[in-house]
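Peer 1: Just passing along the structure, written as structure tokens.
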């Protein structure tokens, strides 16, 4: 009898994988096949989800056999590859690029869908990193208005509370998107995760429970322990039990019991909605407890090898990025120099044209001046001729100056004398007018010569200035992120002042356009926490004060 196979389809955030599985294959066989296909080695963070016949989504039990979802041999059995457990610190615990990408897609989906509560300032900053991951480095020639589909970047509750259009939201996202010009896609993924891990609901699996008084509450299971929330507030936990205080888990039907390491303390007892819910709580608690202990012990050989390989790859990528950045800066510098040279050449050409035009005008004026000088020379010659004629007239007048002679002259002689006087007066007037014209032309000549000398000097100065122009540049060193203290965990905003300033700038920008009437309870609770100076880690530190017994009693009294 031949081996029977059935088709399965596994959807990951980056691809859809289809396999043929043997009948009676285990969940682990399928899980390993998926991990091998996508090149994933950090398998402990992930799991497979499926929908049971009742429509309930569940985790695949890796030690159980997988059955086809349909009797039809051609029908695919569908699974989704999901993040099951979350690290305490993404930058230290997520090693492979593929692991970081899978976490990014998981967390982004939870942020945009509103599963994780996100304040407006964090939402906008996360959207700017998402834009870089999706579209690469910002290029105004490529990324035209409308390239960002805002509902896929900003949570709906944030959009509803602000009086901004999608175009205005896009402008704000792009404003911060541009700030990440030196960042690679992989770096943007890590920055996204570092911001997201400070969200209060990040990595928390919530279960509806009741305490011994039958008070309805929420149980939150995450990488640090078990947290108890009020039924109306999934943002701020009231009581917390870290994993190092828990030694045993027991459930029976819908009753779940957590036994603390302090044997003198009381058990933590609560009730889930169903036995199925208890099983899921048990699986998540067991996995998180194991990872909590693993990360506090020395790394295994496999993890050490992965970290070494990841470091080599990261260093190589960093060197490549620095090389590309240096080439880009050099190219931009050359383009800037070329642009300045073109501008200088254009200015020089314009100045040359102006100088040439001015020189042409002055040459024309010189020619006019030379023409005037010729006219002046001719006028002087005429003046000399007139003066000689005047002398001749005076001489003739002297000849007839004797009164006796004059009386004896005929009427013709008297007429000649009057004519000579009139001609003398006319010649004198012409001489005076000619002198005035000559003086005016000499004054105009001096003015033109002075202007021509000034223009030639300016042209010479401009030519010398173009030849001696220098260019200067100054490269600024980037600031590195601050290291995280090991003795206490803080939010990124508490450690990185640049990050805190970015959030503050966004907050001041968005507050004027936020409609306070549309705030929900979770928004009001978040703002109250911020006003008290509380954040995710300060809250956890505060609610873990006191011994286990005291906190159990507090839980029972809720």
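Peer 1: List 398, 347 from most exposed to least, where exposure is judged by having the fewest other Cβ atoms within 10 Å. Don't skip to the end; give the middle numbers.
Peer 2: On the way: 398 9, 347 12.
Fewest-to-most Cβ neighbours within 10 Å comes out as 398, 347.
Peer 1: Could you work out how much longer the chain between residue 167 and residue 300 gets when fully extended? Use 0.36 nm per residue separation minus the Cα distance between them, nm to one decimal.
Peer 2: On the way: separation 133, 0.36 × 133 = 47.88 nm, distance 5.02 nm.
That works out to 42.9 nm of additional length.
Peer 1: Something else: Can you give the extra length, in nm with one decimal, that the chain gains between residue 147 and residue 208 once fully stretched, where that is 0.36 nm per residue apart less the Cα-Cα distance? If you can, show how the numbers build up before the last one.
Peer 2: Values: separation 61, 0.36 × 61 = 21.96 nm, distance 4.05 nm.
Full-extension gain reported as 17.9 nm.
Peer 1: How many nm separate the modelled label positions at residue 138 and residue 262, each set 7 Å beyond the Cα in the direction of the Cβ?
Peer 2: Modelled inter-label distance: 5.2 nm.
Peer 1: What distance in nm lies between label points placed 7 Å from Cα along the C-beta direction at residue 495 and residue 156?
Peer 2: Once both label points are built, they end up 3.5 nm from each other.
Peer 1: What value does the chain have for Rg/Rh, both radii from Cα atoms and Rh as Kirkwood defines it? It would help to have the intermediate numbers written out before the result.
Peer 2: On the way: Rg = 47.2 Å, Rh = 32.1 Å.
Result for the chain is an Rg/Rh of 1.47.
Peer 1: Here's a follow-up. Which length gain, in nm to one decimal place, applies between residue 550 and residue 4 when the Cα-Cα distance is subtracted from 0.36 nm times their residue separation?
Peer 2: Taking residue 550 through residue 4 to full extension adds about 190.8 nm, to one decimal.
Peer 1: Now a separate question. For residue 320 and residue 232, what is the calculated FRET efficiency with R₀ set at 45 Å and r taken between the beta-carbons, to the nearest 0.05?
Peer 2: Once the sixth-power term is evaluated, E becomes 0.35.
Peer 1: Rounded to the nearest 0.05, what FRET efficiency do residue 339 and residue 57 give with R0 = 56 Å and r taken as the Cβ-Cβ distance? Could you check? Before the final figure, lay out the partial values.
Peer 2: Details: r = 58 Å, r/R0 = 1.04.
So, using R0 = 56 Å, E works out to roughly 0.45.
Peer 1: Counting just the Cα atoms, what span does region 91-196 cover along each of its three principal axes? Round to the nearest Å and put the largest first.
Peer 2: So the three principal-axis extents are 40, 34, 17 Å.
Peer 1: Now for a separate question. On a C-alpha basis, how far is the centre of region 265-328 from the centre of region 103-145 in Å? Whole number, if you could?
Peer 2: 23 Å
Peer 1: Residue 433 to residue 361: FRET efficiency via 1/(1 + (r/R0)^6), r the Cβ-Cβ distance, R0 22 Å, to the nearest 0.05? List each step's numbers first, then the result.
Peer 2: Values: r = 30 Å, r/R0 = 1.35.
With a Förster radius of 22 Å, E is 0.15.
None of the figures in this text is laboratory data; all of them are computed from the coordinates on show. For clarity, every value in this text was computed on a predicted model and none was experimentally measured. We place every Cβ from the backbone using ideal geometry, glycine too, and count neighbours over all the protein chains shown.
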